[in-house]
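This report concerns only the one structure given below.
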Amino acid sequence: MVFMDERCGAWQFGGGETQGALEFRIFFPAGADPHVSAIRVSGDFQHHLGGQDWDFAAGLPLTVQSGNDPRGVYWSVRTQRELPAGFYQYKFEVEFEDGATRKVTDPCARYSGLADRNSGVVVGGSAPADNVVEPLAGGRRPLTDLVIYELMIDDFSAGYRRSRAPLAAVGDRLDELRDLGVTAIEFLPWTAWEDQEFDWGYEPFQYFAVEARYANDLNRPAEKLSWLKRLVGACHARGIHVIMDGVFNHVGFAFSYPQLYEDPADCPFTAAPFGGTFTGLQDLNFAEPITGQLIGEVCNYWIDVFGIDGIRFDSTVNYHVAGDMRGLPQILAGVDAHVSAKGEQNFALILEHLDITAAAVTNATPATSFWDDSLYQKAFDGLWNGRIDSSFLNALNNRKYLSAGKVPTLYLSNHDHSHVAWQSGARDGRGALGGWWRLQPYLIALFTSTAVPLIRNGDEFGEETVIPENDENTGRRVTPRPLRWKIRDDRIGAALTALHGRLAQLRSELPALRSAAMYPHLWEVWQTQFNPVGVGVDVERQLVIYHRWAPVPDGVEIIVVVLNFSDIDQLVEVPFPVQGRWTDRLAGFAGGPDWYVDVAGPTAPVQAGSHFGRILHRFDPNP
């Protein structure tokens, strides 16, 4: 290993919880000459060494490590005195052979600074032994068994955290998420970004650092990484998997490795794009082996030190080249080999590969899932137009294109789009007030599909913030949108929360809802009425019927799903594969009466409520 194993960045050296020396270390990979003649480190620690803070002229000089290392060159320095416990910020001043100097952030820092693109380092504080991440209660489960919650740390905690670190405040509501039926949290990027302005984290700045905004507790400045470790441990104690959002195709222009080179164009990490490009950002160059080495070590660092249970890989279309094993295939293979060598199973590798090749790329690599936009698109179109079309059913079964054990990740919305509750009444400008009930059949479809369901934070109680799809470079997409937790308990929030919870519970209880089996397996878009069996999509009546099933001990569990997207209650003649009593597992969860239908022939009449559905369930001991 090149970076963390060799202690690149800044680390406490010696001492203990109350004091310690510091070591600073930079790596230049073999290849392009950076033309560096001197490096000094300066920061707000210098007064403890008898100098003045941020005096770069008197900064500590780094020296080149002796020996011939084929990997490249290391520069390092240690303080000769121990510093008291605290959080310190620093930068490097790099002098080049042409006499120019440049102040540069540490690209391998494990803490981001609080301002001015600084890097950070902690002396003292709680010891690593005090922050051991406990293993996942019950063991790590297959992705197919999970209900994922997409969580933006800042927005999620803004309404109640006060002066606490956001990472600490998230823990306040983990019991609520567990009770909702959430079994995995996919956190938007927690790696550091450029400054303290609000950000979603999709312009990486320091890959090994936790974003300072998330880890900063004004009352406990020496605690930083511990907040994330404690949060992961708290999730694990509740049986909740932790999935990290990793952005490895591109970096922000504040990414500092190029600035360590006299000519930044010589930096191997960013010298040229690899595959596609991401407009307005620097693309990483996976044609250089050192880039794959860096990103592989980044993944391993978060896996080994923080005990995460999966990674969602952002914008993978831009670092995947068909037939080329560099880039995405290399990173996925490396992570898969790393977790396998640790004896771990069911580590989630989820691709944001928004392209028609998503299933093929997932099948051809160790990836376990891809983000599937199909139901989101059908929901937003259907809610706007007031009706679904004949292609709706296919959005629920893209798993048919994947190898066994792999599954799409499906959602009604995600961080890139407006909340789906707003879309339910957007056409009348009323948002959830104008149509929240219209969400219900889409939710039932999400949880009864063959995919793994993802809930975007706030969707569970009808949050309805609007995000422009294209903000025309105004910055209006990436702005704070704190969740309004008080609306969770109004009549809309309570109803939607209860429905989410019931659907998550059913998915956990019923193997048929986690299986890959679905009939109709494929629905042709020219089919606008039910097929001869009586299932499929009836566009005129706005009805959808499909079957799910799974073998269980001593028989087969069978489910018939009936969805009514229309404005009227309808009596539907529903086909059933076996006779007997079928119980609606949705009825009764919110205080209403239980409901069942006794089937004595190939079909039976079923009352389907407007903008709702039925999940009709039966165990067949004699398939």
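For a straight C-alpha distance cut-off of 21 angstrom, the lysines reachable from Lys229 (same-chain residues fewer than eight places away being disregarded) are Lys342.
Just how far, in whole angstrom, is the stretch 410-485 from the stretch 504-548 if you go by their alpha carbon centroids? So the two Cα centres are separated by 24 Å.
In percent, how large is the relative contact order of the chain, given Cα pairs closer than 8 Å and 6 or more residues apart? Relative contact order of the chain: 10 percent. Rounded to the nearest 500, the 222 nm mean residue ellipticity of the chain from helices alone is -5500 deg cm²/dmol, with -39,500 (n - 2.57) taken per DSSP H run of at least 4 residues.
For the stretch 1-154, report the % of Cα-Cα distances exceeding 22 Å. Cα-Cα pairs in the stretch 1-154 separated by more than 22 Å: 50 percent. Based on a Kirkwood Rh over C-alpha pairs, give the Stokes-Einstein translational diffusion coefficient of the stretch 215-365 at 10 °C and viscosity 1.306 mPa s in µm²/s. The diffusion coefficient I find is 94 µm²/s. Taking a Cβ cut-off of under 13 Å around Thr63, the surrounding Lys, Arg, Asp and Glu residues balance to a net charge of +2, with basic ones at +1 and acidic ones at -1. Structural size metrics of the stretch 1-81, computed from C-alpha coordinates, are Rg and Dmax of 13.9, 42 Å. Phi-derived couplings, Karplus 6.51 cos²θ - 1.76 cosθ + 1.60 at θ = phi - 60°, listed residue by residue for the stretch 596-606: 8, 10, 8, 9, 10, x, x, 9, 7, x, 10 Hz, with x used for Gly and Pro. Taking other C-beta atoms within 10 Å as the exposure proxy, Met4, Met325, Met152 rank Met325, Met4, Met152 from fewest upward.
Its residue count N fixes a reference of 2.2 N^0.38 Å for the chain, and the Cα radius of gyration divided by that reference is 1.06. Here the translational diffusion coefficient of the stretch 112-219 follows from Stokes-Einstein with Rh set to the Kirkwood radius across Cα pairs; for 20 °C and 1.002 mPa s it amounts to 137 µm²/s. Were the residues from Arg71 through Asp179 laid out at 0.36 nm apart, the gain over their Cα-Cα distance would be 33.9 nm. Each part gets one Cα centre, and for the stretch 356-394 versus the stretch 230-285 those centres are 27 Å apart.
Could you give the angle, 0 to 90 degrees to the nearest 10, between helix 491-509's Cα long axis and the longest principal axis of the Cα atoms of the chain? The angle comes out near 90 degrees. Put in line by how crowded their Cβ is, counting other Cβ atoms within 10 Å and starting with the fewest, Leu383, Leu563 read Leu383, Leu563.
Extension gain for Ala360-Leu114 works out to 84.3 nm (0.36 nm per residue, less the C-alpha to C-alpha distance). Of the residues Ile615, Ile39, the one with the fewest other Cβ atoms within 10 Å heads the list, and the complete ranking is Ile39, Ile615. Simple point charges give the picture: +1 on the Cβ of Lys and Arg, -1 on the Cβ of Asp and Glu, and for the stretch 315-470 a dipole about the Cα centre of about 360 debye.
When +1 charges are put on Lys and Arg Cβ atoms and -1 charges on Asp and Glu Cβ atoms, the dipole computed for the stretch 57-117 relative to its Cα centre reaches about 240 debye. For the chain, the share of DSSP beta bridges that are antiparallel, to the nearest 5, is 75%.
Say R0 is 56 Å: what FRET efficiency, to the nearest 0.05, do Ala57 and Ala498 get from their beta-carbon distance? Approximately 0.30, to the nearest 0.05.
Taking a ≥ b ≥ c as the square roots of the eigenvalues of the Cα gyration tensor of the stretch 374-432, is the shape rounded (a/c under 1.5), prolate (a/b larger than b/c) or oblate? Oblate, since a/c reaches 1.5 and b/c is not below a/b. Considering only the Cα atoms of the stretch 406-451, their convex hull presents on average a projected area of 3.6 nm². Extension gain for Glu524-Asp567 works out to 13.0 nm (0.36 nm per residue, less the C-alpha to C-alpha distance).
Over the Cα atoms of the stretch 518-620, the radius of gyration divided by the Kirkwood radius equals 0.96; this is the Rg/Rh ratio.
The convex hull drawn around the Cα atoms of the stretch 334-399, when projected onto a plane and averaged over every direction, covers 5.3 nm². For the stretch 170-277, the calculated P(r) over all alpha carbon pairs, in 5 Å bins from 0 to the bin holding the longest distance, is 2, 11, 17, 17, 17, 14, 9, 6, 4, 2, 0 percent.
Taking the centroid of alpha carbons for each part, the stretch 151-182 and the stretch 575-592 are 36 Å apart. Here the stretch 142-514 is assigned +1 on the Cβ of each Lys and Arg and -1 on the Cβ of each Asp and Glu. Its dipole about the Cα centre then comes out at about 1500 debye.
With a simple spin-label model that places each label point 7 Å from the Cα along the Cα-to-Cβ direction, the separation between Ala100 and Ala237 comes to 5.2 nm.
FYI, it's all coordinate maths here, none of it is from the lab. These figures come from a predicted structure and were not determined experimentally. All Cβ positions, glycine included, derive from the backbone under ideal geometry; neighbour counts span all protein chains shown.
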